1. On each of the three principal axes of the Cα atoms of segment 4-112, give max minus min coordinate, whole Å, ordered largest first.
2. Mind pulling the angle between the C-alpha long axis of helix 66-78 and the longest principal axis of the chain? Nearest 10 degrees, somewhere in 0 to 90.
3. On a 0 to 90 degree scale, rounded to 10, what angle separates helix 33-51 from the longest Cα axis of the chain?
4. For the chain, take the longest principal axis of its alpha carbons; what is the angle in degrees between that and the long axis of helix 4-21, to the nearest 10 within 0 to 90?
Amino acid sequence: MKDDRAYLRHILECLDAIRAYTAEGRDRFLTDRKTQKATLRELQELAESTQRLSSHLKEKRPETPWRDISGFGNVLVRDYLGINLARIWAVVERDLPPLRAAVAAMLRELALIREKP
């Protein structure tokens, strides 16, 4: 079993990649297939990594919608022809910034716990 920190770092990497891919804005995202595909792939990996976090860790952050993130990942993988890109953009704008803040805080907390004697 991997350390939660490895999965949290991977989630942050996915979030940062998505931010970079979508930096040119909504119109670019909606019209550029490569940007769409890259963003969707990062979202899939992000969702997969959240599923691998320990229950103990997720229970400490009940305000984070872990189950919804997991379900969203399943939709991305299994219903790829039914993906609504405008809804994906809404997720990128609305949901990913608070998720990034939560994951970064979790990593900071874990680093502090590890450093205690």
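1. That works out to 43, 27, 21 Å along the principal axes.
2. 40 degrees
3. Approximately 30 degrees, to the nearest ten.
4. 30 degrees
A short reminder: the numbers here are calculations on the coordinates, not readings from a lab. Note that the structure is predicted; figures quoted are calculated from it, not measured.
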